[in-house]
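Below: one structure, written as structure tokens.
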Amino acid sequence: MSENTTAGARTVALAGPYLSGKTSLLESMLFITGTANRKGRVSEGNTVGDSSQEARERGMGVELNVATANFLGDALTFLDCPGSIEFSQETNNALIGADAAVVVCEADIGRALTVAPVLKVLEDGGIPTILFINKVDRGAADLVAVVEAIEAYSTRPMILRQIPLRDDESVTGYLDLASDRAFKYRPDAASELIETPADVAEAKAEARYRMLEKVSDFSESLMEKLLEDIDPANDDVFADLTRHFQSGAIVPVIFGAGELEHGVRRLLKLLRHEVPAASDAAERVAGEGEPAAQILKTYVTPHGGKLSLVRVWRGEFADGTPVNGERIAGISRLCGLQMEKLQIARAGAVVAFGRLESLETGATLSPGKGGETLPCAAELPPVYSLVIAATKREDEVKLSSALAKLRDEDPSVVYEISAATGELLLHGQGEIHLRVAGDRLKNKYGIEVTTSRPRVPYKEAIRKSVSQHARFKRQSGGHGQFGDVHIDIKPLPRGSGFTFDNHISGGVVPKQYIPAVGAGVEEYMRRGPLGFPVVDVSVTLTDGQYHAVDSSELAFKTAGRIAMTEGMPKCEPVLLEPVLSVDLFVPSEFTSKINALVSGRRGQILGFEPREGWDAWDVVHTQMPQSEIQDLVVEVRSLTTGVGTYIANFDHLQELHGRLADDVVSANATE
């Protein structure tokens, strides 16, 4: 394919780690293409991307932003994905709808690892990928070394298509290895074509050969030419580079400085000439069939209701078309906060459909009642939790509705009422993620909330059997109250729960009163001698007395509770803490540090093994007390350059003794 060939409208995702400069790069592309009449700056809070109040307050992307530009007659829709790993769900959902992705990273070998998670998602999805090394104006990084460091975390070879021209330590331009030409950067303008400096001619020839040699692994004709010392024609080089990029076999690498527009026009040309056609992505994701679209992101607007950002894979959808049992109420093209009304959306388009109230992010849309299901991004397991409560009492009812809308917009936000503690819990991907969720509740729905650490659902059990007699007798004129019971309290093996039985004979306790005794026992079990729910206990009613006039269900219920109150402290109660099975996913170079972290948090390391499908990553299998994992993800990410994560599930209860147990009981008593 020659450099003058185009393939029409395309959708390109901008992804990469936090602080890599994606939003600034997008601003330059929108300015160069005439979509924006000036370049916004993240520091000034006036960019097309990162347009939400929560994003601008933090100076970082917190949700997907969309912008459409026209470059030399071809439409390009950009999906600007947030960079923080805490908002990975947004990125993963959006990448499904892209024809190709530009992964933006810094020219810093120390941050190469931060690119690994998004590269893995793109590889698994077979999405053609370009690597744009940004901010080359800020240092003298060895770009070859940076590319090699990133390539260590990729199964696809990185093809460096440019090498820098330098003036002392500054990058002043580049040598394009595909076109065999040299360019000099100009501030906020197109690069100037120059003669290749004589002192870099040899380096250029070596770099070009290395590029062709790597590409020849996928091209027999190119391999033959290299073996015969034939320099291939530039058109043939472009054809090979384009073909193998579009197939997902290689990752082309270019560089620049997005904020200064250095290398940005070259990137735009690459997107225009080499990104595969929208129909290719549709074939990869959806194949052939009836009209189909997929929701990439859901927005809930204060006045306009629900907007579903969709990629149209096949066919076309008009305003008012019934899909999945609902009717499209308006079609819009988005560019930041701006909306352009459309009457129809055709295959390849990324647009917003209005008021598909019951349909969630990831849903496949098809005419009528629907029914087709296309692959969508997996929901990430939560790694951080907070207790959430409305500050004002009158907002308590509105809070649950607002949380449902919050989850519509961000499926990685999960909320529930804890069965163990009764707290309203908000789960997510990290502290910043949940703080943003809290700010959205305030900014969008007018609900101020307070947050706190969740309580650990401690339990208690017993180690000794006891027989206990209790009598409840009260006379206050008229009918009195009388209930007399004998119970046996015994420990059960861990995990057995609670059982209540009776060995009553001779009618000493009438049958109608026996369930009341059990109810009194269970009522006590909610808070034992140490102040926590009691588990793994067997209680048996063995004897008792009743009064023909004064006995009642209430009297026997009270007698059962008194028997437990008096008997349980004699049973050697013991505190139980929940222990979780925790699998940590980390780069292999950090496994030893993670082992030390687990040990320092009273965890037990069960072993580790290579992470399936991930080169140079491990899974560390552990068991850890639940009390030790509230901020575990913060430290894991700190130790692993921000890329480590984990999944945790309840495993068992184990006894807690000594000062730690005393502190837990004391703290609970003061609450």
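The values are calculated or read from the model by the stated rules, or taken from the named source; none is laboratory data. Since the structure is predicted, the reported quantities are computational estimates derived from the model, not experimental observations. Note: ideal-geometry Cβ built from the backbone for every residue, glycine included; neighbour counts use all protein chains shown.
Would you confirm, using the coordinates I've provided, whether Leu79 is at pLDDT 95 or above, buried (at least 24 other Cβ atoms within 10 Å of the Cβ), aliphatic (A, V, I, L, M) and touching an Asp or Glu at 6+ places or on another chain (Cβ under 6 Å)? No. Would you be able to say whether some residue in region 363-383 is among the hydroxyl-bearing types (Ser, Thr, Tyr) and over 21 Å from Leu64 (Cβ atoms)? The answer is yes; a qualifying residue exists.
Going through region 333-353 one residue at a time, which ones are more than 23 Å from Ala282 (Cα to Cα), aliphatic (A, V, I, L, M) and either crowded, with 19+ Cβ neighbours inside 10 Å or over 26 Å from the mean Cα position of the chain (by Cα) (or both)? Of everything in region 333-353, just one residue is more than 23 Å from Ala282 (Cα to Cα), aliphatic (A, V, I, L, M) and either crowded, with 19+ Cβ neighbours inside 10 Å or over 26 Å from the mean Cα position of the chain (by Cα) (or both), namely Met339. Just to be sure, is Phe218 crowded, with 18+ Cβ neighbours inside 10 Å and within 26 Å of Val146 (Cβ to Cβ)? It is false that Phe218 is crowded, with 18+ Cβ neighbours inside 10 Å and within 26 Å of Val146 (Cβ to Cβ). Filtering region 389-446 to residues that are under 19 Å from Val300 (Cα atoms), of a type in the set (Lys, Arg) and touching a residue at least 24 places away in the same chain (Cβ under 8 Å) leaves Lys398, Lys405, Arg440, Lys444. Selection of region 166-186 for residues being in a strand (DSSP E or B) and either farther than 24 Å from Asp231 by Cα or within 39 Å of the chain's Cα centre (by Cα) (or both) yields Arg166, Asp167, Ser170, Val171, Thr172, Gly173, Tyr174, Leu175, Asp176, Lys184, Tyr185, Arg186. Within region 107-147, restricting attention to residues that are at pLDDT 95 or above and of a type in the set (Asp, Glu), the residue that is farthest from Leu175 (Cα to Cα) is Asp124. Pairing each residue of region 571-597 that is aromatic (Phe, Trp, Tyr) and surrounded by fewer than 21 Cβ atoms within 10 Å (Cβ to Cβ) with any residue that is part of a strand (DSSP E or B) and modelled with pLDDT of 95 or more, provided the two are 6+ apart or on different chains, yields C-beta distances under 6 Å for Phe585/Val619; Phe585/Thr645. Filter region 233-258 for residues that are surrounded by 18 or more Cβ atoms within 10 Å (Cβ to Cβ) and in a loop (DSSP other than H, G, I, E, B); which is farthest from the chain's Cα centre (by Cα)? Step by step, filter region 233-258, then rank; the result is Gly256. The residues on offer are Arg58, Arg111, Arg38, and the sole one that is free of Cβ contacts under 8 Å to residues at least 12 places away in the same chain and basic (Lys, Arg) is Arg38.
Just one residue in the set Ala277, Ala189 is within 34 Å of the chain's Cα centre (by Cα) and either touching a residue at least 60 places away in the same chain (Cβ under 8 Å) or surrounded by fewer than 21 Cβ atoms within 10 Å (Cβ to Cβ) (or both); that residue is Ala277. Any idea which residue in region 354-376 is surrounded by the most Cβ atoms within 10 Å (Cβ to Cβ), counting only those that are over 25 Å from the mean Cα position of the chain (by Cα) and not in a loop (DSSP other than H, G, I, E, B)? Residue satisfying both the conditions and the ranking: Gly354. Applying the condition of being of a type in the set (D, E, K, R) and surrounded by 19 or more Cβ atoms within 10 Å (Cβ to Cβ) to region 298-332 and asking which residue is farthest from Thr77 (Cα to Cα) yields Lys306.
Per the listing Val147, Val102, Val121, Val115, the residue uniquely in contact with a Leu (Cβ under 9 Å, 6 or more places away or on another chain), of a type outside the set (Lys, Arg) and farther than 29 Å from Val350 by Cα is Val147.
Of the strands (runs of 3 or more DSSP E) lying entirely inside region 264-338, those containing at least 3 residues that are within 28 Å of Ser401 (Cα to Cα) span 292-301, 305-314, 331-335. Where helices (runs of 4 or more DSSP H) sit wholly within region 17-105, those with at least 3 residues that are over 15 Å from Val264 (Cα atoms) occupy 53-58, 88-95. Of all the numbered requirements in (1) closer than 28 Å to Glu86 by Cα; (2) among the hydrophobic types (A, V, I, L, M, F, W, C); (3) in contact with a strand residue (DSSP E or B) (Cβ under 6 Å, 6 or more places away or on another chain), Ile344 misses one, and that requirement is (1).
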